[in-house]
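Notes follow once the structure below has been shown.
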Amino acid sequence: MNNKTFLITGGCGFIGSCLIRELSKSKNNYIINVDKLTYASNTLSIGHLEDENYTFYKEDITDEVIVEKIFKKTNPDYVIHLAAESHVDRSIDSPKSFIDTNVIGTYNLLNSSYNYWKSVEEDEKKSFKFIMVSTDEVYGSLKPKEDKFNEETSYKPNSPYAASKASSDHLVRAWNKTYGLPTIITNTSNNYGPWQFPEKLIPLVISKCLNNTNIPVYGDGKQIRDWIHVEDHVSGLLFVLRHGKSGEKYNIGSDNELTNIDVVKAICEILDELKPVKDFNYSKLITYVDDRPGHDTRYAIDSSKINKLGWRSNITWMNGIRETILWYLNNQDIKYNSESKIYSGERLGKL
């Protein structure tokens, strides 16, 4: 993948910024970052990038004219589509933004990718790939003893967020089957790690502990999620880009099922050690609240397909969660959507 141009959508988000940090380690990679900088974005999260290797477009993928202009200007070799509204609670309260970004935005990217792809030389056609980064939530909910989600599992989304991502996946498949666009779909489990916006479970619990406020746990906290460190997820995405087959889909997981309440208690116990408070345990902050509507019981990813190709996760849960907590302890002053901070090396693309 030497001397290649990567078009990353949502590159100032949690997973996107981790991907850009990894890609930026090679001077042979040129990175195009398209992000509209919503509430969960952070321009600081991608670090310092040199002008000759990076351009940032503060744009919205729901604008098809803008998306088309970006493709004509940048001539990408690869598209990795991460831009998405992704919080289930927000999708219940305000589903329209999820339809706009996750469905219409994906359509615009596919349409512009196809227009661009059919115009390039044959060698470029063969190497081009469109990676759709999706979620395990499209598969619905598993029973406690039910087999894990695999790539053939039927889609049964239960929230507006999951439904919007399922729609995106179906569009990507259709553009591959109908038009021949070289696409790959990846579905991952719950990600965690540095730079995650604090509405998500792990950074939320850490924040609640540090601020000595109640930690809300839905229902009985026995819902099961399959956790993967964001750096493992990114390594899986880049592995699929190199070794994945057009038209296929790959589950990227870490075989790490935990109940929500066990995750919360683990964070409390680690903070008791790392930031102790005299005569106090952080677990005393746990407060059980009414369950949310349509709350899925269990997610579990079967990664055997990508494992057989040669990829496996490397970061264990205990190492990963401890490192994550330490990062949040050392970065308590981080602000999100820090659009005002334009750091040295950031080049704002002009269309």
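Values quoted throughout were computed directly from the atomic coordinates according to the rules given, and no laboratory measurement underlies them. As the structure is a computational prediction, the values presented were derived from the model and not from experiment. Here the Cβ positions follow ideal geometry from the backbone for every residue, glycine too, while neighbour counts run over all protein chains shown.
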| said: Need the C-alpha centroid separation for segment 304-333 versus segment 220-242, integer Å. | reply: 8 Å
| request: Rounded to the nearest 10 degrees, what's the angle between the helix 317-330 long axis and the longest principal axis of the chain, both from Cα atoms, 0 to 90? | output: 90 degrees
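Per residue of the chain, what 222 nm ellipticity follows from adding -39500 (n - 2.57) for every DSSP H run with n ≥ 4, rounded to the nearest 500? Walk me through the intermediate numbers first.
On the way: 11 runs with 125 residues, N = 351.
Per the formula, -11000 deg cm²/dmol.
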| task | Can you check what the net charge comes to around ASN191, using other residues whose Cβ is under 13 Å from the Cβ of ASN191 (Lys, Arg +1; Asp, Glu -1)? | result | -3
| query | With axes computed from alpha carbons, what is the tilt in degrees of helix 105-117 against the longest principal axis of the chain, rounded to the nearest 10 within 0 to 90? | reply | 30 degrees
| task | Put one equal scatterer on each alpha carbon of the chain, apply the Debye formula with no solvent term, and list log10 I(q)/I(0) at q = 0.09, 0.14 1/Å to two decimals. | result | -0.48, -1.19
| query | Given the chain, what percent of its DSSP beta bridges are antiparallel, to the nearest 5? | reply | 10 percent
| field | Sequence-distant lysines (8 or more away, or on other chains) whose Cα lies within less than 22 Å of LYS4 | value | LYS25, LYS27, LYS58, LYS69, LYS72, LYS73, LYS118, LYS125, LYS126, LYS129, LYS245, LYS350
| task | Report the residue, chosen from GLY310, GLY13, GLY47, that carries the largest GNM mean-square fluctuation when the chain is represented by alpha-carbon nodes joined by springs under 10 Å. | result | GLY310
| remark: Once Lys and Arg are counted +1 and Asp and Glu -1 for all other residues with Cβ under 9 Å from that of VAL234, the total becomes -2
| For LEU258, what is the net charge nearby, where nearby means another residue's Cβ is under 9 Å from its Cβ and Lys, Arg count +1, Asp, Glu -1? | -2
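Which of the trypsin sites (Lys or Arg not before Pro) found in segment 246-320 are in a DSSP loop and have at most 10 neighbouring Cβ atoms, other than their own, within 10 Å?
LYS278
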| Partners for LYS156 among aspartates and glutamates (Cα-Cα distance below 14 Å; same-chain residues under 8 apart left out) | ASP136, GLU137, ASP169, ASP296
| Which is farthest toward the positive dipole end of segment 1-77 among LEU37, LEU7, LEU19, measuring Cα position about the Cα centre, with Cβ charges +1 (Lys, Arg) and -1 (Asp, Glu)? | LEU19
| query | What angle do you read, to the nearest 10 degrees and between 0 and 90, between the alpha-carbon axis of helix 14-23 and the longest principal axis of the chain? | reply | 60 degrees
